[in-house]
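Notes follow the structure.
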Amino acid sequence: MRSILIALALAAAVAACERSQSGPSARGRDTPAWDAAQDPFVVPGWKSGDEASWESQIRNRTVAGQNEYPRTSP
Amino acid sequence: MARMKFICDDERCIACNGCVTACKAEHDVPWGVNRRRVVTMGEGSPGERSISVACMHCSDAPCMAVCPVDCFYRTEDGVVLHDKDVCIGCGYCSYACPFGAPQFPSSGTFGMRGKMDKCTFCAGGPETNGSQAEFEKYGRNRLAEGKLPACAEMCSTKALLAGDGDVVADIFRTRVLSRGKGSEIWGWGTAYGKPTGGAPKPDAKAGKS
């Protein structure tokens, strides 16, 4: 009986030392970027709420705006 | 799933501070707060290099690990953000950050109780995307407008790249192969771990500069 109590106390102590898993996730803390901003500066060409559409928009903008090789190559 | 990352190409950076100015203007950042800054190494000596530094939105962000009030979170596209309503301004993140990104203003809109301020990858904060409340605390939310961070889009030499890690790594790889040098990416290993398929070492035959 005594050994069982000691084992339970040890288990409780170890459990208390475990690190909390809450926190570092955006779920519930922020709206995703593919929910379009409520301002007049949203660029056309993608659909609000559609993750694939937003990713495509970001990818196209990155390639078109930051990679000059496709524009300058003969 | 996009995974947002920054790359600063020190072969291209001319230390014009356009990125710093773009950031300050876009987010109405007050004096004394530098979300982004340009650092020049070996100034005046042959081989001088400049890089643009801000929060790198690390894969395993040390700021998140040390925050005693758990105010940091990572968005689904990999941007490390924080909640100013939770931050107590203790400064632990400042000690933990290898890039010196956290800033602690003491006045103005961003200076509420000295809460931490940093680069948001132009992704705002927990408030509604594009709302006035979000703008006043964190600045513009350009990602939710379908745009990229202002600093990178403003960069005249395109030294600063921002976007999905795979896409910007591809752009950088093309550059390295074309010019045949400068395959090092400053801060990449610290922020995102060791490269797995990063820029290749330039071929000795491919480029002589």
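Any read-out appearing in this document is the output of simple, stated calculations on the displayed coordinates, not a laboratory observation. Note that the structure is predicted; figures quoted are calculated from it, not measured. With ideal geometry, Cβ positions are generated from the backbone for all residues, glycine too; neighbour counts draw on all protein chains shown.
Structure notes:
- Acute angle (nearest 10 degrees) that the helix B:165-179 long axis makes with the longest principal axis of chain B, alpha-carbon atoms: 30
- Highest mean packing comes first when the peptides A:41-50, B:4-13 are listed by Cβ atoms within 10 Å, giving B:4-13, A:41-50.
- Over chain B, relative contact order from alpha-carbon pairs under 8 Å, at least 6 apart, %: 26
- Pairwise FRET efficiency - B:Ser178 versus B:Ala96, Cβ, R0 = 45 Å, nearest 0.05: 0.75
- For A:Ser56, B:Ser50, order by how many other beta-carbon atoms lie within 10 Å, fewest first: A:Ser56, B:Ser50
- Alpha-carbon Rg with Dmax, taken over the stretch B:4-192, Å: 16.2, 50
- Largest GNM mean-square fluctuation among B:Ser156, B:Ser178, B:Ser94, using chain B with Cα springs under 10 Å: B:Ser178.
- GNM top mover of B:Lys181, B:Lys24, B:Lys194 - chain B, alpha-carbon springs below 10 Å: B:Lys194
- The modelled label-to-label distance between B:Ser45 and A:Ser56, using points 7 Å beyond Cα along the C-beta direction, is 5.1 nm.
- Residue by residue along B:75-81, Cβ atoms of other protein chains within 10 Å of the local Cβ number 5 on average.
- Principal-axis tilt of helix B:18-27 within chain B, Cα atoms, nearest 10 degrees: 20
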